[in-house]
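Pasting a structure below so you can have a look.
The values are calculated or read from the model by the stated rules, or taken from the named source; none is laboratory data. In this text the structure is predicted, and so the values were computed from the model without any measurement. Virtual Cβ from ideal backbone geometry, glycine too; neighbours counted across all protein chains shown. Each accessible area value is taken on the protein alone, full model and side chains, heavy atoms only, with ligands, DNA and RNA left out. Shrake-Rupley method; radii C 1.70, N 1.55, O 1.52, S 1.80 Å.
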Amino acid sequence: MRPRGSEALKAQAAERALQLLQEHPVRLLGLGTGSTAEVFVRRLAEVYHEDALPLEGCVPTSRRTEELARGLGLPLTTLGEHPELDLTVDGADEVDPQLNLLKGGGGAHTREKIVAWASQNYWVIVDESKLVSRLGERHPVPLEVLPFGVRVVERAVQALGGEPRLRLGPDGRPFTTDEGNHVLDCAFPGGVAPSEVEAFGRELSAIPGVVEHGLFPSVAIPGALRVIAAGRDGVRVLLPG
Ligand code: 5RP
């Protein structure tokens, strides 16, 4: 059966990333987390096994992606062995007009940010429903938080005008990240204006107990950023500026 709706668009964004990757082959690749990243990883493995890519090692951004990549026979490595990667391909929950990103819907944003910051190139694959005018418009901002400090962080978020909610897992217990922490999903009514994302991220980082927030300001991403957005009218490759 052919994928429909946004599933088909995710597949188109992933396919374009793969095409670009074949035009610009890399040795060391970061692998994102989430349903769009998963589509990419599955196709990547197919092409890799056709001997069409000179991949030497992939760094997954979560245990979930690690299990997937291992099962598909992709070569794995770590940031310990390779602290600098050629490229990372990941998804996002929201992208604003300045290409600031909101991530963490899968609770993997801390590792995702580390891997992104280790990459010379960073490609984000999304369907057009992820393009918004202000981050936080549709999704809360996730904060990975040390369990010890959850209540204190909640109060600090409320003081910033936010509405924090502890993320729960399918079993109704607090969701636990790969690092053993919890996630506070923080709604900020009205969202965050593109020009304020970087400063607001700094305010969130300054709260003791916050391990990492899900805002990825485009100006702070060290590598070359591309957003590959699939829509009804085709796939666009967006660059900052
Ligand atoms: C996980 C993420 C994902 O990239 C984000 O949630 C997008 O996921 P999906 O492709 O399933 O919509 O940040 O922490």
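Of 161, 231, 172, which is the most mobile in a GNM of the chain whose springs link Cα atoms less than 10 angstrom apart?
Answer for the Gaussian network model of the chain: 172.
Do me a favour and compute the ellipsoid semi-axes for the stretch 1-155 from its Cα gyration tensor, root of five times each eigenvalue, largest one first, whole Å. It would help to have the intermediate numbers written out before the result.
Working: eigenvalues 136, 79, 38 Å².
The answer is 26, 20, 14 Å, longest axis first.
Taking amide H positions as placed in the peptide plane 1.01 Å from N, state which residues far from residue 120 in sequence (5 or more) or on other chains have amide H under 5 Å from it.
85, 86, 87
Also, I was wondering about something else. Summarise the accessible area of the chain (1.4 Å probe, protein heavy atoms) by the percent that is carbon and sulfur. Write down the numbers at each step before the final one.
Working: 5660 of 11330 Å².
Carbon-and-sulfur percentage of accessible area, whole number: 50.
When the scattering of the stretch 141-214 is computed by the Debye formula from its Cα atoms alone, each counted once and equally, what is log10 I(q)/I(0) at q = 0.20, 0.24, 0.26, 0.27 Å⁻¹?
These q points yield log10 I(q)/I(0) values of -0.80, -1.10, -1.25, -1.32.
Something else about it: Counting only heavy atoms of protein chains, what accessible area per residue, in Å², does the chain have with a probe of 1.4 Å?
With the other protein chains kept in place, the chain gives 47 Å² per residue.
Taking only Cα atoms and a 10 Å spring cutoff, compute GNM fluctuations for the chain and point out the largest among 150, 41, 126.
The residue with the greatest mean-square fluctuation here is 150.
Can you list the GluC sites (Glu not before Pro) in the stretch 136-241 that are in a DSSP coil and have 15 or fewer other beta carbons within 10 angstrom? Don't jump to the answer; show the numbers that get you there.
Values: sites: 137, 144, 154, 179, 196, 198, 203, 212; in loops: 137, 179.
Within the stretch 136-241, the qualifying GluC sites (Glu not before Pro) (loop, at most 15 other Cβ atoms within 10 Å) are 137, 179.
Determine the dipole magnitude for the stretch 141-214: charges of +1 sit on the beta-carbon of Lys and Arg, -1 on that of Asp and Glu, nothing else is charged, the reference point is the Cα centre, and the result goes in debye to the nearest 20. Please list the in-between numbers first.
Values: 6 positive and 11 negative charges, 56 e Å.
Roughly 280 debye, rounded to the nearest 20.
For a quick check, take a GNM of the chain with Cα springs below 10 Å and name the residue from 86, 171, 185 with the largest mean-square fluctuation.
171
Related question: Calculate for the chain the 222 nm mean residue ellipticity that helices alone would give, adding -39,500 (n - 2.57) per DSSP H run of length 4 or more and normalising by residue count, nearest 500 deg cm²/dmol. Walk me through the intermediate numbers first.
Numbers: 6 runs with 71 residues, N = 241.
Here the helix-only value at 222 nm equals -9000 deg cm²/dmol.
Note down the Stokes-Einstein diffusion coefficient of the stretch 85-125 in µm²/s, whole number, using a Kirkwood radius over alpha carbon pairs, 25 °C, and 0.890 mPa s.
Working: Rh = 10.5 Å.
It diffuses with D of about 234 µm²/s by this estimate.
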